[in-house]
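Student: Below is the structure I would like to discuss, written out as C-alpha cells.
The values are calculated or read from the model by the stated rules, or taken from the named source; none is laboratory data. From a predicted model like this one, the values you see are computed outputs, not experimental measurements. Cβ placement follows ideal geometry from the backbone for every residue including glycine, while neighbour counts extend to all protein chains displayed. All accessible areas refer to the heavy atoms of the entire protein, side chains included, with ligands and DNA or RNA removed. Shrake-Rupley method; radii C 1.70, N 1.55, O 1.52, S 1.80 Å.
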Amino acid sequence: PSEPFGYEGGCSRDICALNAAQWHAYQDFQKMNKTRSIGVSNYCQSCIECLLSATTTSVTPSVNQIQYHVGMGQDPESLPSYCRSKGIVVQAYSPLAAGGVISSEACIRVGQAYNKTSAQVGLRWVLQQ
C-alpha cells in the first residue's frame, strides 16, 4: 500500500514497519470507541502477513478493499482466499473494471441469456464470490 503504483513484490521491512505503526494508531481509535471496525486497502498477502506478525497488532483487519471484478477470475493472486482464511472480508472496488465489464462480450452474452445487463452480471458475480 505504500509502494508506487504497479509495484510487484513483497513488502520491505521499512514498509512493514510503516504499516504496523499506522495500524497501531487505527487500533487506538478502535479502543477509544471512535470506530467499530478497522480495515486495510490494497494489502497484498505479504503486507497482511507482516501486519499480523507485528508485535503491536492485536486486531485483525476486518476488511481488505481491493480491485476485484469478473475479469480477474475467482481468486487473483490467491488474495481473496488468503483473506478469507484469516477472517478478513474482501471488499471490491471498481467491480465494473472502469466500464470494462459493461462492454465485455462474455458478460453481455450471459446477461442476454438471463435478461440482465452486463453490469448486473458483473456485480452479481462479485457478490457471489
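Student: How about region 54-95: which of its residues are assigned to a loop (DSSP other than H, G, I, E, B) and more than 22 Å from Tyr26 (Cα to Cα)?
Tutor: Residues satisfying the conditions are Tyr68, His69, Gly73, Gln74, Asp75, Ser94, Pro95.
Student: Determine whether region 48-57 contains at least one residue that is within 21 Å of Gln128 (Cβ to Cβ) and touching a His at 6+ places or on another chain (Cβ under 6 Å).
Tutor: No, region 48-57 has no match at all.
Student: Between a first residue in region 77-89 that is β-branched (Val, Ile, Thr) and a second residue that is at pLDDT 95 or above, which pairs have beta carbons less than 6 Å apart while being 6 or more apart in sequence or on different chains?
Tutor: From region 77-89, the pairs are Ile88/Pro61; Ile88/Asn64; Val89/Val63.
Student: Restricted to region 28-46, and to residues that are assigned to a helix (DSSP H, G or I) and over 22 Å from Tyr82 (Cα atoms), which residue is most open to solvent (accessible area, probe 1.4 Å)?
Tutor: Filtering region 28-46 for residues that are assigned to a helix (DSSP H, G or I) and over 22 Å from Tyr82 (Cα atoms), the one most open to solvent (accessible area, probe 1.4 Å) comes out as Lys31.
Student: Something else: When Val110 is evaluated against the numbered criteria (1) open to solvent by 30 Å² or more (accessible area, probe 1.4 Å); (2) over 28 Å from Val59 (Cβ atoms); (3) touching a residue at least 24 places away in the same chain (Cβ under 8 Å); (4) hydrophobic (A, V, I, L, M, F, W, C), which criterion, by number, is the only one it fails?
Tutor: Among (1) open to solvent by 30 Å² or more (accessible area, probe 1.4 Å); (2) over 28 Å from Val59 (Cβ atoms); (3) touching a residue at least 24 places away in the same chain (Cβ under 8 Å); (4) hydrophobic (A, V, I, L, M, F, W, C), Val110 violates only (3).
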